[in-house]
1. Being in a strand (DSSP E or B) and under 24 Å from residue 607 (Cβ atoms): is that true of residue 494 here?
2. Starting from region 668-679, take each residue that is in a loop (DSSP other than H, G, I, E, B) and list its partners that are loosely packed, with under 15 Cβ neighbours inside 10 Å, counting only C-beta distances under 7 angstrom and pairs at least six apart or across chains.
3. Restricting attention to region 133-154, does a residue exist that is charged (D, E, K, R), assigned to a loop (DSSP other than H, G, I, E, B) and not assigned by TED's automatic domain parsing to the domain that holds residue 394?
4. Just give me the residues in region 374-405 being closer than 24 Å to residue 316 by Cα and at pLDDT 90 or above, in sequence order.
5. Is region 657-665 home to any residue that is in contact with a His (Cβ under 9 Å, 6 or more places away or on another chain) and either assigned to a helix (DSSP H, G or I) or at pLDDT 90 or above (or both)?
6. Give region 216-243 a look and list any residue that's crowded, with 24+ Cβ neighbours inside 10 Å and polar (S, T, N, Q), or say none.
7. Can you find, within region 441-458, the residue that is surrounded by the fewest Cβ atoms within 10 Å (Cβ to Cβ) among those that are within 14 Å of residue 541 (Cα to Cα) and touching a helix residue (DSSP H, G or I) at 6+ places or on another chain (Cβ under 8 Å)?
8. Search region 377-401 for residues that are touching a residue at least 60 places away in the same chain (Cβ under 8 Å) and among the small types (Gly, Ala, Ser) and pair each with any residue that is buried (at least 20 other Cβ atoms within 10 Å of the Cβ) and assigned to a loop (DSSP other than H, G, I, E, B) when their beta-carbon atoms are under 6 Å apart and the residues are at least 6 apart or on different chains.
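The values are calculated or read from the model by the stated rules, or taken from the named source; none is laboratory data. None of these values were measured; they are calculated from a predicted model. No Cβ is skipped: glycine too gets one built from the backbone with ideal geometry, and neighbour counts run over all protein chains shown.
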Amino acid sequence: MRRIEKETELSRLASRVLAARGAFDGPSAEQWLDCDAQNLYDPFLLPDMEKAVKTIRESIAKREKIAIFGDYDVDGVTSTCVMLKYFRSVDLECTYYIPDRLNEGYGVSCPALEKLAAQGVKLVITVDTGITAYEEVEFAHRLGMKIVITDHHECREQLPDAEAVVNPKRFDSAYPFKELAGVGVAFKLVCALLGPEKQDIAIVLYAALAGLGTIADLMPLVDENRIIAGLGLERLAENPPLGYLALAQKSGVDESKRASAITVSYVLAPRINAAGRFGCAYKSVELFLTEIQSEADRLADELCAMNRQRQEMENSIRDSALAKIAVECDMDNDSAVVLWDENWHHGVIGVVSSKLADQLGKPVILICVDGDEARGSGRSIEGFNLFAALSATSEYLTQYGGHELATGLTLKKENLEAFRNAFLIYAKRELHPDACIPTLYVDCEAEPEDFSVASIASLSALEPFGMANPQPVFCLRDLRVACVVPIGNERHMRLTLAARDQRFDAVQFCATVYDAPFVKGSYVDIVFNADINTFRGQNVQFILKDIRLSRTSERINARDISLYQKCISGAQLTGPQAAYLYPCRSEQVFVWKYIVSKMVEGKFKRPPEDVALRIKTENGIKMNAGKLLICVAAFAELGFVKFSYDGLVMRVEMVPGHARRDMGQSKLICRLKRCAGLV
């Protein structure tokens, strides 16, 4: 880390992140950060690139009609736009076809090819699709059409008999980088068509779309993808397509963040994808091709409206899936989740699968059933190849495709149960139980003084952030919670965290103040992304990914609980120990009132250290976990409640109609009082 900091102009914080990610000195750091266009690989290293260029140039020379056959996600849309822009630049008639996700499903189909042939199309170029279109290619040939396939999805041993099959993942591929997005392959095709002497033109005209699709498709932003994404973000900052700018404005994106990978991934990509989810991906294509402002604004508005509809459906499907999981799945033993329903929307289940896979730490396949047919989307976790899993269970499928982390599939309704059983058996055999525990990776443990506006700004040198190059994650320990308040209709919370003479603003989303394992005054450890909040100036802000009581707090709680356990076992306490555990009358009252007020149907369940902290904070009294447990044990002794404690959670249940008794009658309380010398 010190070598990187010394040999480059990077900050200590950025140097620590680079060191954590494998750089060990200045030169290796520079190589890691490199986004120089001169380091793009020769496109003719891709298999069949020469055949593809020859076929396309022959069609251009004959002025044949060409069609681009794309996919309905951001990768497919941007790939389609790259190719359309190229053919328009050479003044050749070119149409495009993106299947209706709801009625046609994924990929090249014979009916679609028949439509294109009827329009006079002589050459079909697939982008982001086609690698398994064996029968469809033969059908196209019978119709008198040629096909050039460009794709990036996983290949099978056999390839379609097309004029060219350009895919870096071909088994015979010598291309130096296998992880190009579909739009990355389309971009390389255009670079090959233009020739090496016009690479600068290719970057100016097509890098924005190539970078956008690469980032949105969650491809690893390393090696050539990092260069493509970096060049793309530069173009989006300097001269964005009219439609991109309109969409960013309609989405409320701050101008300074318009061309960031995070904005693309989390704000704009879902809106671009929304059109495809509802069977009208052409709206996204037209958005990026239009040169009319009013048209761009109209299309951007429509995409935003569809995204809001998508969010509503997503929440409904997620709730339904969670309810099914509770009934149909054995989450303790199953290594994966496979569910289906007749009321789910096929265009949205992929998003829900992704979020559930993240939440559960297991591969998830959700399937929507329509009559005798069923179509699903699967999302995986690191270490489990979902495409390989579908290949192993393909006897139950009519079609499938995708890659290691995301797949699509179709099957007959009658095969659903058999497929689920086979898939779960495969997952249990291939997936180690430890891999199903959600893991949070931290780049480095830092110190409070590492976080200034300048040091956080220096992290921009590591952009673009995305898959394989995520936004840096840091850890700080022993921060005091100076303030915590609910925000966003109490669905999120904002904190002020103090460390020595420094204070930091922090936000945790999808976490409520009432369920947090800490309160004001707690000492906590945090894992977070660091950001600069530009509201009312520039301030350091932490976006919390996880938060827990610090080791100091844990040691104190463990000591207090140990004293309680020693006491109830009948062991002798010292006078100070007994005094520390002994609850006075008012403290007993506070504990009783708090527990009763929080009961649901006469029951209460909570970690004792959490309850003690809240009572202490809310009432300003001396309370600790051991003293709290003494109170509840005394309540149980006198017959007020039933009580158990398993070392983690205490469970309290009200005894209906219990007799009124004075707490002074508790043998436990009396023994503590005597031992403390208070009688």
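1. Working: in a strand (DSSP E or B): yes; under 24 Å from residue 607 (Cβ atoms): yes.
Against the criterion (in a strand (DSSP E or B) and under 24 Å from residue 607 (Cβ atoms)), residue 494 qualifies.
2. Close Cβ pairs (under 7 Å, with a partner that is loosely packed, with under 15 Cβ neighbours inside 10 Å) amount to 676/575; 677/575.
3. If we filter region 133-154 for residues that are charged (D, E, K, R), which is where we start, we get 135-136, 138, 142, 146, 151, 154.
Remaining after also requiring assigned to a loop (DSSP other than H, G, I, E, B): 151, 154.
Next cut, not assigned by TED's automatic domain parsing to the domain that holds residue 394 only: 151, 154.
Yes - at least one qualifying residue is present in region 133-154.
4. Residues satisfying the conditions are 374, 375, 376, 377, 378, 379, 380.
5. Restricting attention to region 657-665, the residues satisfying the condition of being in contact with a His (Cβ under 9 Å, 6 or more places away or on another chain) are none.
No, there is no match, as no residue in region 657-665 is in contact with a His (Cβ under 9 Å, 6 or more places away or on another chain) and either assigned to a helix (DSSP H, G or I) or at pLDDT 90 or above (or both).
6. 225
7. Out of the qualifying residues, it is 450.
8. Final answer for the pair search is 401/132; 401/153.
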